[in-house]
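Each value in this text was obtained by applying a stated rule to the coordinates, not by laboratory testing. Please read all numbers here as calculations on a predicted model, not as lab measurements. With ideal geometry, Cβ positions are generated from the backbone for all residues, glycine too; neighbour counts draw on all protein chains shown.
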Amino acid sequence: MTQPSSHIYLDYSATTPLDPAVADVIRTHQERTFGNASSVHRFGRQAKVVLEESRERIAQVIGCKTAEIFFTSGGTESDNHALIGTALHQRRVHGRDHVAVSAVEHHAVLDAAEYLATVGFTVDRIPVDSRGFVDPQQAAGMVTDRTAILSVMHANNETGAIQPLPALSTIARTHGVPFHSDTVQTVGKLPVHVDALGTDIITMSAHKIYGPKGVGAIYIRQGTGLDPLLHGGAQERNNRAGTENVPLIAGFAEAMELAERNREALYRQAVLFRDTLYGIISGGLTGIIRNSDPDGSLPHILSVSLDASRYQVESEALLLNMDLKGVAVSSGSACTSGSIQPSHVLLAMGRDTRTTAATVRFSFGKFTTIEEVRTAGGIFCSIVRTFPVIS
């Protein structure tokens, strides 16, 4: 398979192209399985069969019960449901009014936590070290018997830093606290098995694994209480109202299975791409700060900053010039790339504001080639050399 464009795409952590095999599945079900899965007639029953088969396929990938998978519109809704639904349930049933989240979470988690602060919850952000990792001992000091939910992502979307979920799970269980992890960036890249990770809730998105946009899922361990966010129907066993989009859900299941099948090979490929690219950049430029830890991060992501004491440049100029030269990259999270605010992730890691503003995130996928990586590295170096250097 080849990348579906002559432009070099190195922004796979923002979104991925739709896999042709997944597109075929979606197209087939759009044409043939158009019934409402809640209807009792033949067309509804056909849709219901596809819906439940898709649920089972996804459950098998992450090692959970079929009844523990609930479909949503994507990662953002799933994260909001995890945080808000769990916190409201815990307060209503157990009187818990505290939320603990890592300082480097996706804004879907951070903003949901901030919403909870407006309705009476106390919110603590767990700090990270200079490499972007949560220290379980620090987390332990912030989780109490009043904590309604602990949320720490599996791997960061800007740096790729992989968090110590099993150790954090032990802390949560000590206090009987539901443990949520956003696994949007790790499904299809790392083994995501809910029992091994120790999670009570995980959130997933199809479009990060060559599936369609507009569909995601939330795993809720049996016995974990969440209040629904959406009301108006009994779909998803009363957890999420609204008619299920069966064609997209079927595409999601296909994408999950394909991602898991190809995971190990693509991981090895990503290591080659990351090491090759960083070698070109570090060998061709001085004043490069590596934000993605080489040992504890996803190899699919390489985040680098230009030292602000040496370079006068900002991410926007870098990204625009890269795009003009035919390379698509990002400054970090696509959901905040239009904002003038510096990356909260890099600031939490102790980077200064000016250096944070001169950051580029490269992310690789299955359509990436080594030739594209080498070309992109050379283009990046040539562009950086055109910017003023502080003497």
(request) Work from the charge dipole of the stretch 32-163 (Cβ charges, +1 for Lys and Arg, -1 for Asp and Glu, about the Cα centre) and give the residue of Gly141, Ala103, Phe43 farthest towards its positive end. (result) Phe43
(message) Students often check this: by mean Cβ neighbours within 10 Å, which of 96-104, 39-47 ranks highest, and how do the rest follow?
(response) 96-104, 39-47
(message) Taking the Cα centroid of the stretch 135-198 and of the stretch 240-300, what is the distance between the two, rounded to the nearest whole Å?
(response) 20
(request) Please name whichever of Leu346, Ile289, Pro388 sits farthest to the positive end of the charge dipole of the stretch 287-391, dipole taken about the Cα centre and charges placed at Cβ: Lys and Arg +1, Asp and Glu -1. (result) Pro388
(request) Place the peptides 30-37, 84-91, 169-176, 271-278 in order of packing, highest mean first, counting for every residue the other Cβ atoms within 10 Å and averaging per peptide. (result) 84-91, 271-278, 169-176, 30-37
(request) Please state the charge dipole magnitude for the chain, taken about the Cα centre, from unit charges on C-beta atoms (+1 on K and R, -1 on D and E), reported in debye and rounded to the nearest 20. (result) 320
(message) P(r) for the stretch 232-391, please, calculated from all Cα pair distances in 5 Å bins and given in %.
(response) 1, 8, 15, 17, 16, 12, 9, 7, 6, 4, 2, 1, 0, 0
(request) Report the extension gain between Gln222 and Thr66 in nm, rounded to one decimal, defined as 0.36 nm multiplied by the number of residues separating them, less their alpha carbon distance. (result) 55.1 nm
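What is the magnitude of the charge dipole of the stretch 215-297 about its Cα centre, with +1 placed on the Cβ of each Lys and Arg, -1 on the Cβ of each Asp and Glu, and no other charges, expressed in debye to the nearest 20? Walk me through the intermediate numbers first.
Details: 8 positive and 10 negative charges, 15 e Å.
In total the dipole reaches around 80 debye.
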(message) Give me His7, His300, His106 sorted ascending by neighbouring Cβ count inside 10 Å, so fewest comes first.
(response) His7, His106, His300
(request) Report, in degrees rounded to the nearest 10, the 0 to 90 angle that the Cα long axis of helix 107-118 makes with the longest principal axis of the chain. (result) 60
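For the chain, what relative contact order do you get, as a whole percent, if you take Cα pairs closer than 8 Å and at least 6 residues apart? Display every interim value, and only then the final one.
Numbers: 784 pairs, mean separation 88.2, N = 391.
For the chain, the relative contact order is 23 percent.
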(message) Tell me which of Ala161, Val313, Thr86 sits at the most positive position along the dipole axis of the chain, charges placed on C-beta atoms (Lys, Arg +1; Asp, Glu -1).
(response) Thr86
